[in-house]
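**Q** There's a structure below that I have some questions on.
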Amino acid sequence: MAATKVRGLAAALNATGRFKYKSPDAAVDFLVVGGGVVGLAVAQRLSERFPTKSTSRNSEVIHAGLYYPPDSLKTQLCLRGRHLMYERCNKLNIPYRKTGKLVVAHEHQRTYVESLFEKARQLPWSKHSPPHRADEQVLPVTLISGAQARELEPDLSPDIAAALWSPETGIVDSHSFMESLEKDISESEGGELVFSTRVVRVDPYKEEGWVVQTVTENAEQGDALLARTLINASGLSANLIINSLLPEASRIPMFYGRGSYAAYSGPGISRISRLIYPCPDTGPNKHAFQSLGTHLTLDLQGKVRFGPDLEWISPPSDAETYDYNEENVDFWRKHLTPSDSRLEEMYRAVTEYLPGVSFEGFRPDYVGVRPKVERFGFQDFVVRKDYADRSGRGLMVSLMGIESPGLTSSLAIAEHVVDDIIGPENISQ
């Protein structure tokens, strides 16, 4: 059967009892739940690997892979994903630009950029790395002085004492990138896209896989599919599918970080041509980031945005029982609507490294929500495996906490799931 992707809100409703168990009406070999960039990337790779006979609220930054522990999935998949992203953009003429990035530091933050520099120099090439010279670094960076940073970006504060220059960082048209993945899936002989559809119940089906019930738009009754392999890439709802199958004591919490972006037009940025990131507030643990700070990003038209900030939000209590109702819809609608309530705080953060900006030039732009499995400390991407028979048959892969650098890592996450976890030997007619 086809490698199939279900696009839409994924929320399991077992706890409410509204949707009773149904026997499957049909079967598919692979079902990917989630229509964001990671779900699309996994579905695209499956349709590419499948024999021929048989998403969007982010900063659009292609990250270099600077910030995270060397052995983490975030670092490994970001480095690999960056290469795959640029490769795909070049092959398919997807708009992008290597702007480079400056991570700027005040004197008391100098050790932070120095530690990033040393870490970047020691990063090893992975087994999926492209051909490279023996002396070539997987993450090329340069440590420069504050004066050298101001030669690149004259609007920077005179208090900036040092900076890390990362030439591999860039920006991409994420909508064109996702459309290219959709096009590959739609035009493959083994893939199918299903829109405006949500998952309402998941049950193990003997050792054969998972019965997944779906409802399209406002239909009262849904369909039941047997997915021999299920990939749960449903973003903010990823833990809900798993939790519907677990006893209460074993359920996985999810924390939600609301990030606001502000558009800017005004003084203090007239000559900016690169991305500029301040040093994050790392506290006692250098990897304990909640946020990388309110940074400056550019789009392909040269427009400037600042963000994101970080505001913890708590969904209504019945969201944790997987109920899809008007209250929950209103909650997410409210928190995804930009407002000016965070502008003053963002302005103060930005003036630490760009003192010439004016508060009057800030205006609300857009809002995103980051899914976090942990609220404090470093949190890696979570790739969880479950089996329908609990002993190795009927695989479900759940991808949780896929926040930044999720866009950059998306193609590498797909490669990891399809090639390393599912395995080519299991992708057959």
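**Q** Decide, for the stretch 371-423, between rounded, prolate and oblate: order the square roots of the alpha carbon gyration tensor eigenvalues as a ≥ b ≥ c, take rounded if a/c falls under 1.5, and otherwise choose prolate if a/b is larger than b/c, else oblate.
**A** On the way: a/c = 3.37, a/b = 1.46, b/c = 2.31.
It is oblate, given that a/c is not under 1.5 and a/b is not larger than b/c.
**Q** Right, here's the next one. Might you report the magnitude of the Cβ-based charge dipole of the chain about its Cα centre, with Lys and Arg at +1 and Asp and Glu at -1, to the nearest 20 debye?
**A** It comes to approximately 480 debye.
**Q** Moving to a separate point now. Kindly write out, for the stretch 85-102 in residue order, the coupling ³J(HN,Hα) from the Karplus curve 6.51 cos²θ - 1.76 cosθ + 1.60 (θ = phi - 60°), rounded to whole Hz, with x marking Gly and Pro.
**A** Karplus-based 3J(HN,Hα) across the stretch 85-102 equals 5, 4, 4, 5, 4, 5, 5, 10, 6, 7, x, 7, 8, 7, 7, x, 9, 9 Hz.
**Q** Taking the stretch 115-149, which trypsin sites (Lys or Arg not before Pro) meet the DSSP loop condition and have no more than 11 other C-beta atoms within 10 Å?
**A** Sites meeting the loop and neighbour criteria: Lys127, Arg133.
**Q** Using per-residue counts of other Cβ atoms within 10 Å, averaged over each peptide, order 296-302, 236-242 from highest down.
**A** Going by the mean number of other Cβ atoms within 10 Å, highest first, we get 236-242, 296-302.
**Q** Also, quick follow-up: What part of the accessible area of the stretch 151-204, given as a whole %, is carbon or sulfur when the probe is 1.4 angstrom?
**A** Percent of accessible area from carbon and sulfur atoms in the stretch 151-204: 44.
**Q** With a 1.4 Å probe and every protein chain left in place, work out the accessible area per residue of the chain in Å², rounded to a whole number.
**A** Ligands and nucleic acids excluded, the figure is 44 Å² per residue.
**Q** Listed here are the pairs Lys101/Lys303; Lys91/Lys183; Lys74/Lys127; Lys74/Lys119; Lys22/Lys206; which of them are more than 18 Å apart at the Cα?
**A** From the list (Lys101/Lys303; Lys91/Lys183; Lys74/Lys127; Lys74/Lys119; Lys22/Lys206), the Cα-Cα distance tops 18 Å for no pair.
**Q** Shifting gears a bit: Quick check of the Kirkwood formula: for the chain, what is the inverse mean of 1/r over all pairs of different Cα atoms, in Å? Can you show the working numbers first?
**A** Values: mean 1/r = 0.0442 Å⁻¹.
After inverting the mean inverse Cα-Cα distance, the result is 22.6 Å.
**Q** Enter the Cα centre distance for the pair the stretch 378-429 and the stretch 181-247, rounded to the nearest angstrom.
**A** Computed from Cα coordinates, the inter-centre distance equals 15 Å.
**Q** Just from its helices, what would the mean residue ellipticity at 222 nm be for the chain, if runs of 4 or more DSSP H residues each count -39500 (n - 2.57) and the sum is divided by every residue, rounded to the nearest 500 deg cm²/dmol?
**A** The per-residue figure over the chain is -7000 deg cm²/dmol.
**Q** Taking the DSSP beta bridges in the chain as the whole, what percent of them are antiparallel, to the nearest 5?
**A** Of all bridge pairs located within the chain, approximately 70 percent are antiparallel.
**Q** If you don't mind, another one. Which far-off residues, 5 or more places away or on another chain, put their amide H under 5 Å from the one on Val32, with H placed in the peptide plane?
**A** For Val32, the qualifying residues are Thr4, Lys5, Val6, Ile231.
**Q** Dipole of the stretch 144-266, Cα-centred, from +1 at each Lys and Arg C-beta and -1 at each Asp and Glu C-beta, to the nearest 20 debye?
**A** The dipole of the stretch 144-266 has a size of about 560 debye.
The values are calculated or read from the model by the stated rules, or taken from the named source; none is laboratory data. None of these values were measured; they are calculated from a predicted model. All Cβ positions, even for glycine, are placed from backbone atoms using ideal geometry, and neighbour counts span all protein chains on display. Ligands, DNA and RNA are excluded from the accessible area calculation, which covers all protein heavy atoms including side chains. Shrake-Rupley method; radii C 1.70, N 1.55, O 1.52, S 1.80 Å.
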